[in-house]
Amino acid sequence: MKRLVLLLMMLCCIPVATFAFEANQAAQEGRFFINPMVGGLEKESTSGYNPAINYTLGGGYNYSANLSSYLDVSFAPQRRNADSDLYTASIGALYHFMPEERLVPYLTAGLGYLGINGKDGLSDENQAQFNYGVGLKYFLSKDIALNAEVKHMLDTSGEPNSLLYQAGLVFFFGKGTQLDSDNDGVLDKDDRCPNTPAGAPVDKYGCPLDSDNDGVFDYMDKCPNTPADVSVDQYGCPLDSDNDGVADYLDKCPNTPAGVSVDKFGCPLDSDNDGVADYLDKCPNTPAGAPVDKFGCPLDSDNDGVPDYLDKCPNSPAGAKVDVDGCQVKLHLVLEFATNKYEITPAHYPELDKAIKFVQKYPGEKILVAGHTDNTGAADYNKNLSLRRAEAVKAYIADKVGGKLNNLSVKGFGEEEPIADNSTDAGRKQNRRVELGVFAK
């Protein structure tokens, strides 16, 4: 029998690699156990008692990782039929060392009863006893362990003491107080979030961490460092409502149309800084400072084809043919008409010869012969006088060139468009003039 017990104790020391490595006595806190064992019981005097084998059934409760209570009963029949059977029962405590390890040594101590059922005329015996001993547990899993122990049983009546050696299995059951069902490192009794997904970082209460407090747990958060109070999506990333690549909390232009290129503030790019976004800009390379329309194109207020920022004559007449500076192609004739007169005199011929060459330079083009006066006299009279002077110039040109020159038209502006100061003689002289202007249509 001793050899059998020694063998069982040796088996307890052999690792069983196929079971969970987290199994230990510390995990049994708050759990009950049943412990069937088999072994031998020997009296310290020969006294004729020679048991064949001892059977024990025990059970108890684990108060902590170290301390447990137990209650057990045992039965040991005699080898010889004529002899008597022996019964024991005891209650006591176990104290475990190194409860976090798989192989756990322990001490045991208790009080109990030892009885002998006499046969063939032998008297029964009933004795109180105190026992103490040592043992080992080896955990195969969190619910099963091998154990072996040796107890010294002291008889309080003066009868011979006994030595009990046995080995068996320990079965644990109950939820316990040291369980960590979701394996998050927080015991179930302290775990406020008992079903945390495997591998999720948790706080001291067993709840998944949300380091940036955005409402999305770290294990799900693809944007773990979101600034405080920023609205996020289900993955913990800042919202980008217009999908322009700039988060809403940084986006100064939150409703950018789909597909539009934006700057770091989420606003549509305006490469030429004309105030019109590139995706709307039909003139993307406008020079800096040039006024533009809603399409990003330079303004051309007089519609002469020359943008305002280049136009040196911003108020050209509608339809006028202009040069690169936006100024109408025209000829200014210095014709000194006598006051209230419109007749052509030989003194006018040199200037009128310039007019003929000008008309010949633009054959087929529409040319306006415009008459002007100073502000002397009534406005209506001056307008009529300026028309007469323009007609006189046209007639002279037609006579010299030949033909009716249908492309020439006349108009009298009177004193409406002065080019000099009418308060001086020199200024009034400049204002009494005839101009030839070319029009594109």
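Taken along the Cα-to-beta-carbon direction at a fixed 7 Å, the label points for Y249 and A420 span 7.4 nm. Between the DSSP loop rule and a limit of at most 11 other Cβ atoms within 10 Å, which trypsin sites (Lys or Arg not before Pro) in region 95-184 are left? Taking region 95-184 and a limit of 11 other Cβ atoms within 10 Å, the loop trypsin sites (Lys or Arg not before Pro) found are K175. Neighbour counts of C-beta atoms inside 10 Å place F97, F439, F75 in the sequence F97, F75, F439, starting with the fewest. Relative to the dominant Cα principal axis of the chain, helix 349-361 is inclined by about 40°.
What the Cβ-Cβ distance of D190 and L111 gives, at R0 = 56 Å and to the nearest 0.05, is a FRET efficiency of 0.95.
Would you calculate, for the chain, the mean residue ellipticity at 222 nm contributed by helices, counting each DSSP H stretch of 4 or more residues as -39,500 (n - 2.57) and dividing by all residues, to the nearest 500? If you can, show how the numbers build up before the last one.
Working: 4 runs with 54 residues, N = 441.
Computed ellipticity for the chain at 222 nm equals -4000 deg cm²/dmol.
For N131, the shell of other residues with beta-carbons less than 11 Å away shows a net charge of -2, using +1 for Lys and Arg and -1 for Asp and Glu. For T345, what is the net charge nearby, where nearby means another residue's Cβ is under 13 Å from its Cβ and Lys, Arg count +1, Asp, Glu -1? That sum, taken over residues with Cβ under 13 Å, equals -1.
Axis angle, to the nearest 10 degrees, between helix 379-401 and the longest C-alpha principal axis of the chain: 80 degrees. Neighbour counts of other Cβ atoms within 10 Å put Y205, Y381, Y396 in the fewest-to-most order Y205, Y381, Y396. Between Y219 and K341, the modelled label-to-label distance comes to 11.1 nm, taking each label 7 Å out from Cα in the direction of the beta carbon. Measuring between alpha carbons in the structure, the pairs from K366/K429; K361/K394; K43/K137; K341/K411; K341/K429; K366/K400 lying more than 20 angstrom apart are K366/K429; K43/K137. The lysines whose alpha-carbon is closer than 23 Å to the alpha-carbon of K142, local same-chain residues fewer than 8 away aside, are K175, K189.
Exposure here means at most 16 other Cβ atoms within 10 Å; with GluC sites (Glu not before Pro) in a DSSP loop as sites, the longest stretch of the chain lacking them is 102-335. A full extension of the chain between Y279 and K357 corresponds to an added length of 23.1 nm, given 0.36 nm per residue minus the alpha carbon distance. A cut-off under 10 angstrom between Cβ atoms defines the neighbours of C267, and their net charge, with Lys, Arg +1 and Asp, Glu -1, is -2.
No value in this document is a laboratory result; all are computed from the given coordinates. Note that this is a predicted model, so its numbers are computed, not measured. Every residue, glycine among them, receives a Cβ derived from its backbone with ideal geometry; neighbour counts consider all protein chains shown.
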